Amino acid sequence: MNNTSLKSKIALVFCGHGSTSKIYKLDFLSFIDKIKLKFPNNKIFYCFIEKDKPFINDCLSSIYSKFHKIIFIPLLIFKGTHYEVDIKEAIYLMEKKNNSKIIIAKNLNLGKEIASIIQLQVRKKLKNTNQSLLVILSSFSKSSSVYRSIYYYSRILMKNLKFKNCFIGSFGNERLIIKNLKEQKDKIFLHPIFLFNGYLYDSILKKFSNEFKRRLFFIEPLLQNEKFFYYVYNKINLILERE
């Protein structure tokens, strides 16, 4: 059996968080369309953890018997509750009923690779980072590992870009950060850690834009960055090569 024939029997399932925001769904589906062009020999499917349909169980139930192998790709940056509980439990229940053939890809994970991509984008938008403040915001999580990951990532950016200072927070406490920043006159580089546009990203950006206007610089959702898209694409390619 040649490589093309083998890959044609592998399904790629991309799992997003889900959102009530129409902007999120449009951004997510735009990513799926781009991925389909990159993997023409594979069947591409998608699902969501919550709020959007199809849900994980519905998606996997509809395709499980049609492929000899399913590669499940969580479009998540952090290895938090959604990855460790929601996704793994859904797949465990599916495999309990059938023969095991679902491979769960790792979360994307903040680290040196992602930092190197982001650094290029920061430098294009803001030259004098040593006279500017970095603000990193994410969605709220109860997992301490999420915040350890963000802190580690922030140290890499601080070391390589020489920002004057860094503020880290999550959706819900951004007002406190804004209050602290009001007392300073430096330029601000806002880095919301979200893969897609949606309610949380849009809400954070509006609050900071309304407050700081011309002294605010910001980064787009990660998967709108072409280099980040190819980072994800290359990770999927490596999985397929191993299979």
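Nothing in this text is a laboratory measurement; each read-out follows from the coordinates by a stated rule. Fair warning: this is a prediction, and the values are worked out from it, not measured in the lab. Quick reminder, even Gly has a Cβ in these numbers, built from the backbone with ideal geometry, and neighbours come from all protein chains shown.
Among LYS66, LYS142, LYS34, the ranking by other beta carbons within 10 Å of each residue's beta carbon, starting with the fewest, stands as LYS142, LYS66, LYS34. Simple rule: put +1 on each Lys or Arg Cβ and -1 on each Asp or Glu Cβ in segment 112-224, find the dipole, and look at ASN210, SER143, THR129; the Cα lying farthest toward the positive end is THR129. Along the axis of the charge dipole computed for the chain (Cβ charges of +1 for Lys and Arg, -1 for Asp and Glu, origin at the Cα centre), the listed residues ALA115, GLN184, VAL13 are led at the positive end by GLN184. When ASP33, ASP86 are sorted by how many other C-beta atoms sit within 10 angstrom of their C-beta, beginning with the fewest, the order is ASP33, ASP86. Taking a cut-off of 13 Å between Cα atoms, list the aspartates and glutamates near LYS185, but don't count ones fewer than 8 places away on the same chain. Reachable aspartates and glutamates: GLU211. Dividing the helix sum by the residues of the chain, where each DSSP H run of 4 or more adds -39500 (n - 2.57), gives a mean residue ellipticity at 222 nm of -14500 deg cm²/dmol. If only the Cβ of Lys and Arg carry +1 and only the Cβ of Asp and Glu carry -1, the dipole of segment 1-158 around its Cα centre is close to 460 debye.
With just the Cα atoms defining each centre, how far is segment 28-53 from segment 193-229? Give it in Å. With segment 28-53 and segment 193-229 each reduced to a Cα centre, they are spaced 22 Å.
Each of THR129, THR81 has some number of other Cβ atoms within 10 Å of its Cβ, and from fewest to most they run THR81, THR129. Cross-link check: pairs LYS36/LYS106; LYS182/LYS206; LYS43/LYS125; LYS25/LYS207; LYS51/LYS79 evaluated at a Cα-Cα cut-off of 26 Å; pairs beyond the cut-off: LYS43/LYS125. For the chain, the cysteines with no partner cysteine C-beta closer than 4.7 Å are CYS15, CYS166. Taking the chain as a Gaussian network of alpha-carbon nodes connected by springs under 10 Å, the highest mean-square fluctuation of the residues LYS88, LYS182, LYS43 belongs to LYS182.
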